[in-house]
Amino acid sequence: MPTKPVPIEPPQIKYIGRIFRVTTQRMKIGDKQTTFEFVDRSPGVRLIFVSHDKKILLTKEHRHEFDDYDYRLPGGKVFDTLLEYTDFLDSKKNMLNAAQKAAIQEAREEAGIKVEQIKHITTSHSGATIKWDLYYFLVSKYSEIKSGQKLEDGEDIKVDWFSKEKVKDICLKGEMKEDRSVAVLLRHLDSR
């Protein structure tokens, strides 16, 4: 029977950046000792907007990591800095509430849409050693804001509505590169 890791010492912070924190922790597994490494990042939010005629809103955003455009679900970070995130964690407040508030704000800024009805549908966890959760929300009631998007400096984001078939095609052809969002979106489309 496998032996569970048992902490030998408290976590040690090795690096703190603006968005990421790296910690290590000595563990004992059976007769052996090893060091585990963990990375924390503020969670993100993604929004699935469904129109009255069953179209899905996607953004087409220039992403520096690809030096190209990428189809995406509108969204962003729950907290802009690691300090805000860790302070929130220390407060023991409800992360889902903070994520929903951030999702509503991102809808206004990135898509130019006022959310009127929002529902959390799932949270994607990135893995055991990297904590970067993405909270996904379904928006079925909304109104467009006349002033439009409020993009941050450097953001190049276009908004458009697509049929279910076109969204599936975008996902399956790799035109949406955030694979976690592809999986959630395809599951959502399949369930409708």
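Derivation of every value follows stated rules applied to the coordinates shown; laboratory data play no part. For clarity, every value in this text was computed on a predicted model and none was experimentally measured. Cβ sites come from the backbone with ideal geometry, for glycine too, and all protein chains shown count toward neighbours.
What the table below lists for this structure:
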{"read-out": "Leading residue at positive end of dipole, the range 42-191 (Cβ point charges), from S147, Y69, T123", "value": "T123"}
{"read-out": "14 Å cut-off, amide nitrogen to a point 7 angstrom out along T3 Cα→Cβ, residues in the range 14-30", "value": "27-30"}
{"read-out": "Gap separating the Cα centres of the range 133-169 and the range 1-30, nearest whole Å", "value": "38 Å"}
{"read-out": "Amide N proximity, the range 52-94 versus D169 label position 7 Å along Cα-to-Cβ, cut-off under 20 Å", "value": "53-61, 69-73"}
{"read-out": "Alpha-carbon centroid distance for the pair the range 90-108 / the range 34-70, whole angstrom", "value": "16 Å"}
{"read-out": "Rounded to 10°, Cα long-axis angle of helix 82-91 versus longest principal axis of the chain", "value": "70 degrees"}
{"read-out": "Computed FRET value (nearest 0.05) for R63 with H120, which takes r as the C-beta separation and R₀ as 25 Å", "value": "0.45"}
{"read-out": "Estimated 222 nm signal from helices in the chain, with DSSP H stretches of n ≥ 4 weighted -39500 (n - 2.57), rounded to 500", "value": "-7000 deg cm²/dmol"}
{"read-out": "Aspartates and glutamates with Cα under 19 Å of K164, excluding same-chain neighbours fewer than 8 positions away", "value": "D53, D70, E175, E178, D179, D190"}
{"read-out": "Partner lysines for K32 [C-alpha distance under 26 Å; skip if fewer than 8 residues away on the same chain]", "value": "K4, K14, K131"}
{"read-out": "Shape category assigned to the range 1-117 from the gyration tensor of Cα positions, a/c cut at 1.5", "value": "prolate"}
{"read-out": "Projected-area mean, the range 124-192, by convex hull of Cα positions, square nanometres", "value": "6.8 nm²"}
